[in-house]
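Single-structure report; data block below.
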Amino acid sequence: MTCAGAIVWAQWRTLWHSYPRRGVAWSAAPSLIWYGLWAGAAFSFLRVFSNPAEVPVIRIALPGGLLLIFLYWQVVPLMLATTGSSLDLRKLRAYPIPDGQLFSIEVLLRITAGIEMVLVLTGMTIGAMLNPALAKWSLLATLVYVAFNLLIAVGLRDMLGRLLARKRIRELVFFLVILTAALPQLLLARHGMVSPQLRLLVTRDAWEGWPWTATSNLILGNRFWPSLAVLSAWTVGTLVFSRWQFSRTLAFDSDAANTHDSRASRRSWWIEWFYRLPSAAFKDPLGALIEKEFRFLARSPRFRLVFLMGFTFGLVIWLPMAFVPRGPLGGFFVRNYLTVVCVYSLMLMSEVCFWNAFGFDRSAAQFYFLAPVSFRRVMAGKNLTALFFMLLEIAMVTAVCALLRMPLGARRFAEAYSVAAVVMIFLFSAGNLLSIRQARGVDPGNSIRTGAAGRLQAMLFAIYPVTFAPILLAYLARYAFGSQAALFGVLGLDAVVGLIVYRVALDSAVRTADLTRESMIAALSTGDGPIAN
Amino acid sequence: MNQGDGAPAIEIRDLRKVYGDKAAVDGLTLTVPQGCFFGFLGPNGAGKTTTIKMLMGLAPPTSGTIQLLGLPMPERSLEIKQQIGLVPDESMLFDHLTGGEFIEFVGRIYGLDRAMARARADELLDLFELGSMPKKLIAEYSKGMRKRVAMAAALIHRPKLFLMDEPFEGVDAVGARLMKDILLDQVRHGATIFLTSHVLEVVERLCERVGIIHEGKLIAEGLMADMRGTAETLEDAFVRALGMENAAETLDWL
């Protein structure tokens, strides 16, 4: 594994150089908090699994728990359009590295897409091994189950990665993945806690041919050989599947996949009309700037995917709460479904619209500093583009809500759109500052995000509560005065304050851009190491 | 089959690469003997980079065969890659490594032990005049420095065949001179060099054989002296081969 050692070493050096020397704490803080919480959960599992008195509960819950681990590992990263770290095969394929070694490293890298589940499984396994009422071979069962998850993750990632690299079908594929992933949640919502279909998957009387049932049986000490045979068969099957998918990815030619007949590439008149819209509304150079942004974003696979997710994924994940309201929060979701989904969509879109507004077209950033256009106008152009796409997104959300026959009315429209407008003003203010101060290059052609800058994530932890505080105040006002007018009154005040904040933030961003243009352009121009993370 | 002593360094037969309904490389047949300094020329979009990507194993051909150092590609790709030095597109570099770290990494990938890879990396950094800034990241390098570090990395395992995509692009006169001397020295020691370049003066001075590709087809190939023929310079011969002697037109408003 000489090559593997070299790749790991190079990646370690890459990470070391990536972190700003004075900002390591900022970068590491969100990860520490997040994984700290999961480590706490793992410790709780250890306590439960090591207690002989809990064995009856474990017997009931373990198959479903292992299924949830499987789903988290495989589906959640895909739903968040992020898949952890992976080898940058574009750069490594030219070197004499055996495919087997690349595959082994790729399998191990899948751990990064489910570190949380590794922690949980570790806690469960240690607990099970300490428990005299559970089987001694829990460690073996867990290791094989982890291998099964890692292998299937490689296969799925490679298969989806290739599909998502193809123009025209990538959005459709992702849409289908989202719908598939949301199916269990919808079944739960329609049939109560455990529907008959789900019972076959998760309960202790579930079919014994599932890998999670087999793992559960092994941990519980039931039917050792048949369970081991089932789990091994699944693992070998996924090994064959993932090797097949990995070799197809190695041979994949994305340039060839994205070419099509020149006849088919003739652009429709309405797309050109859409691109030309800003020039009809604004004078040049602002019109030209916005038109360029329209063309660029509409052609970016990452942007198109997130836009699609905004009015599909957002609706799907909040839908069960709206259909089956439980507790006081459930009622809140039913009453404010449109508002919740609109705000969620804005948060999703913010990543591609304004947190890192220069990240997608880094070469253009240099041009903006050279062109005889004020940087304020450039920022305004980007904000107006973001505003347009966000309004379009909200309109799509509303249309889909109407199709789903969600309760809508003038009051709900007004509330949702007012909240969204206030949120947008504050998000734009923060986004303009971050786009300059935390600029980083992003591959617009990459549909799936392989990571995010830790420092930016840390800042978002702080920014979101501040951004949403004015909205919270408005709802508190409605609660305190028992009047919708109070809500709109505070939202109006929020909007005025927000516009002042926006103006100040824009001035600051423009000044900072002028002072730090060199470091900003350098930050936008950097790439990755042998492992994209 | 082992690498044949008499086998050409590069043997391409009827190579095609089709994207959609467009052939980027269309029936390319080319032989480059061992120990040859070969310049592969062509206008933008002619198919040079696609060809070199297929030689490097980065893009599978649609049809046709490639043999490098007597071994078929991609069937024996691992053995072939072990004997090749690459100066690829600069996007293939790892920006968050220092120059020394990148060269050491490439050395280790080619099977050198860590101590030897590090020692050779240090020597190559000095040779390419990059040693004075050991902590500078590749991301902070100028274009010329990136090309120099790519070439240094290509040399670390003493390859028999070099595949170079625009190695002199952005390199200053001193750097270019240094790189030329090193490459000529490699050829004197039996290595084969296949490079693409837009800098025709460099090709004219270095290469003994030249091939010109246009719209995916090889339109001329032969010894430098034969290619130049009656033309004064390679540039004249190149423009004539493309049939673009009178292509320059001025716009009315310009």
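Here is how the numbers come out for the structure above:
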item: Residue, nearest to the other protein chains (Cβ to nearest Cβ), within the stretch B:21-30, restricted to residues that are assigned to a strand (DSSP E or B) and more than 23 Å from residue B:6 (Cβ to Cβ); result: B:22
item: Residues within the stretch B:106-118 that are hydrophobic (A, V, I, L, M, F, W, C), open to solvent by less than 50 Å² (accessible area, probe 1.4 Å) and free of Cβ contacts under 8 Å to residues at least 24 places away in the same chain, tallied; result: 1
item: Residue selected from the stretch B:77-105 under the condition closer than 17 Å to residue B:192 by Cβ and of a type in the set (D, E, K, R), by the criterion nearest to the other protein chains (Cβ to nearest Cβ); result: B:81
item: Hits in the stretch A:401-413 (condition: in a helix (DSSP H, G or I) and either open to solvent by 40 Å² or more (accessible area, probe 1.4 Å) or at positive phi (or both)); result: A:402, A:403, A:410, A:411, A:412, A:413
item: Subset of the stretch B:1-46 (residues that are open to solvent by 10 Å² or more (accessible area, probe 1.4 Å), at pLDDT 90 or above and closer than 19 Å to residue B:198 by Cβ); result: B:24
item: Any chance residue B:73 is more than 16 Å from residue B:215 (Cβ to Cβ), touching a Leu at 6+ places or on another chain (Cβ under 9 Å) and within 9 Å of another protein chain (Cβ to nearest Cβ); result: no
item: Wholly enclosed helices (runs of 4 or more DSSP H) of the stretch A:179-259 bearing at least 3 residues away from every other protein chain (no Cβ under 14 Å) and modelled with pLDDT of 75 or more; result: A:211-220, A:224-250
item: Unmet criterion (only one of (1) in a loop (DSSP other than H, G, I, E, B); (2) at pLDDT below 75) for residue A:333; result: (1)
item: Test: residue in the stretch B:116-125 that is facing chain A (nearest Cβ under 10 Å) and at pLDDT 90 or above; result: yes
item: Hits in the stretch A:22-50 - residues which are modelled with pLDDT of 90 or more and open to solvent by 50 Å² or more (accessible area, probe 1.4 Å); result: A:37, A:38, A:43, A:44, A:45, A:47, A:48
item: Residue match in the stretch A:2-10 (condition: farther than 30 Å from residue A:439 by Cβ, open to solvent by 60 Å² or more (accessible area, probe 1.4 Å), within 14 Å of chain B (Cβ to nearest Cβ) and at pLDDT below 85); result: yes
item: The stretch B:126-140, residues that are more than 8 Å from chain A (Cβ to nearest Cβ), assigned to a helix (DSSP H, G or I) and of a type outside the set (Asp, Glu); result: B:127, B:138
item: Of all residues making up the stretch B:47-70, the number that are among the hydroxyl-bearing types (Ser, Thr, Tyr), under 13 Å from the mean Cα position of the chain (by Cα) and surrounded by fewer than 24 Cβ atoms within 10 Å (Cβ to Cβ); result: 2
item: Within the stretch A:84-108, considering residues that are among the basic types (Lys, Arg) and open to solvent by 20 Å² or more (accessible area, probe 1.4 Å), the one nearest to the other protein chains (Cβ to nearest Cβ); result: A:93
item: Boolean, residue A:490 is of a type in the set (Val, Ile, Thr), surrounded by 19 or more Cβ atoms within 10 Å (Cβ to Cβ) and in a helix (DSSP H, G or I); result: yes
item: Whichever residue in the stretch B:199-214 is modelled with pLDDT under 90 and open to solvent by 40 Å² or more (accessible area, probe 1.4 Å) and, among such residues, is nearest to the chain's Cα centre (by Cα); result: B:199
item: Residue within the stretch B:141-160 that is assigned to a loop (DSSP other than H, G, I, E, B), open to solvent by less than 40 Å² (accessible area, probe 1.4 Å) and at pLDDT below 90 present; result: yes
item: Scan of the stretch B:62-71 for residues that are under 25 Å from residue A:101 (Cβ atoms) and without any contact (Cβ under 8 Å) to a residue 60 or more places away in the chain, ordered by number; result: B:66
item: Residue list for the stretch A:414-439, restricted to those being outside any helix (DSSP H, G or I) and either of a type outside the set (S, T, N, Q) or closer than 15 Å to residue A:503 by Cα (or both); result: A:439
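The values are calculated or read from the model by the stated rules, or taken from the named source; none is laboratory data. Every value quoted in this text rests on a predicted model; they were computed, and no experiment measured them. Quick reminder, even Gly has a Cβ in these numbers, built from the backbone with ideal geometry, and neighbours come from all protein chains shown. Keep in mind that these areas ignore ligands, DNA and RNA; they rest on the heavy atoms of the full protein, side chains included. Shrake-Rupley method; radii C 1.70, N 1.55, O 1.52, S 1.80 Å.
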